[in-house]
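Notes for the one structure printed next.
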Amino acid sequence: MPDDSFVEELLSHIVQRLQTVAGIEAVVLGGSRALSSHTSTSDVDLGLYYRPDSPPDLDALRRVAAEIDDEHRSDIITPLHEWGPWINGGGWLKVRGLAVDFLYRDLAQVEQVIDDCRAGEVQIFYQAGHPHGFVTSIYMGEVAVCRPLWDPHGTLQTLKAQTDPYPPALQRAVMDKFTWEARFSLDTARKSAARGDAEYVAGCCFRSAACLMQTLFALNRRYLLNEKGVVTRAAALPLCPPALEERVQGAFGQLNGEAQGLSTALDELESVVREVEELVAACARRQPSAQPVNRRRMAAGFGVRWPQSRQPASATPFRRRCGRASSDRHPRRYQGSSRGAGLLLQSPICDRARWPARWRCAPPT
């Protein structure tokens, strides 16, 4: 296993060579090694940031890669956007026996995504290598956790300053987008489970679990970078259902192609979904500055139909009954969207001492 001094010396050697490539604006260490959660087999992920109007000299980059690669391969650097619009190319090298990945990052695209996230806008796209999809907030998370190795103009340091603290508008947007879908994905799989359609049910289960992880990370105001090992990491978050990892893994273990097993998997995941919904709703209730929840839309998203006689009051009668609304007195506290579940949660996260004991998971050590 390479020790830290070996990796640091290796990074210094690689970065020195990358500095000679025109068009590279900054080089950062990302992934598990930036988070100090790596293992002996973890890759070294290096983000190569560039401006689209001054892209990197790929011929020069290929020469550098061939020079430092153990096998001196000349064809390991891709054109820009070779792997898609988001994970948009790079190269897989082996340097002194250690896997080193070059990953292109378009600074204009990253800056736009950070602005969007801070404004409460997040999207998800199909992307090879991301089985759930590429959630645009990944770019913001990468900047937040990365370790700049070469940043001569302070570009990455400036961007990092915009990622801390975790934006409340991003928290609301992620939970609005994914909380309801976790249950919806399971509901759509019920008939297929009865038919023994394991492939479809497995896909729905994965999508539900992935949406749950997005919700839990947002609830805890943590950036989620990819799907690898995410259930283990979510289980260590301060706010999460009890025995999360064991229950999710157990549910997937029931996907055996038999109708009974498929239904059991859906039932087990549905119990987790229910508890995550309770966590989100409890946090919303404990936020005195939260915008009133749009209960009709939240109920529809969770598969609930209000009786006509119990339809939630609209915002206009609320303002009429209560006089000037709190949002008029404190407009900055009420910025953001009310779509989806309408979960507008503000910082700080609710006092953990007030949570039921079964929700108070031990923080990571």
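Annotations for the structure displayed:
- Check on residue 5, among the hydroxyl-bearing types (Ser, Thr, Tyr) and in a helix (DSSP H, G or I): yes
- Output for segment 203-229, where each listed residue is part of a loop (DSSP other than H, G, I, E, B) and of a type outside the set (Gly, Ala, Ser): 220, 221, 222, 223, 224, 225, 226, 227, 228
- Counted residues, segment 250-260 - those being surrounded by fewer than 17 Cβ atoms within 10 Å (Cβ to Cβ) and either charged (D, E, K, R) or closer than 17 Å to residue 203 by Cβ (or both): 6
- The single condition from (1) among the hydroxyl-bearing types (Ser, Thr, Tyr); (2) more than 23 Å from residue 2 (Cα to Cα); (3) assigned to a helix (DSSP H, G or I) that residue 32 fails is (2).
- Residue that is farthest from residue 272 (Cα to Cα) [pool: residues in segment 232-246 that are touching a Phe, Trp or Tyr at 6+ places or on another chain (Cβ under 9 Å) and part of a helix (DSSP H, G or I)]: 233
- Residue that is farthest from the chain's Cα centre (by Cα), among those in segment 1-21 that are of a type in the set (A, V, I, L, M) and surrounded by 13 or more Cβ atoms within 10 Å (Cβ to Cβ): 21
- Pick from segment 73-117, criterion among the charged types (D, E, K, R) and more than 12 Å from residue 48 (Cβ to Cβ), ranking: surrounded by the most Cβ atoms within 10 Å (Cβ to Cβ): 116
- Matching strands (runs of 3 or more DSSP E) fully within segment 82-157 where at least 3 residues are more than 21 Å from residue 18 (Cα to Cα) and either out of contact with any Gly (no Cβ under 7 Å at 6 or more places or on another chain) or not aliphatic (A, V, I, L, M) (or both): 124-127, 130-135
- Extreme residue, modelled with the lowest pLDDT, among residues of segment 246-282 that are among the polar types (S, T, N, Q) and farther than 17 Å from residue 232 by Cα: 256
- Here the condition is being of a type in the set (A, V, I, L, M) and over 25 Å from residue 228 (Cβ atoms); of 28, 64, 95, 7, it holds for 64 alone.
The values are calculated or read from the model by the stated rules, or taken from the named source; none is laboratory data. None of these values were measured; they are calculated from a predicted model. Glycine gets a Cβ as well: all are built from the backbone with ideal geometry, and neighbour counts include every protein chain shown.
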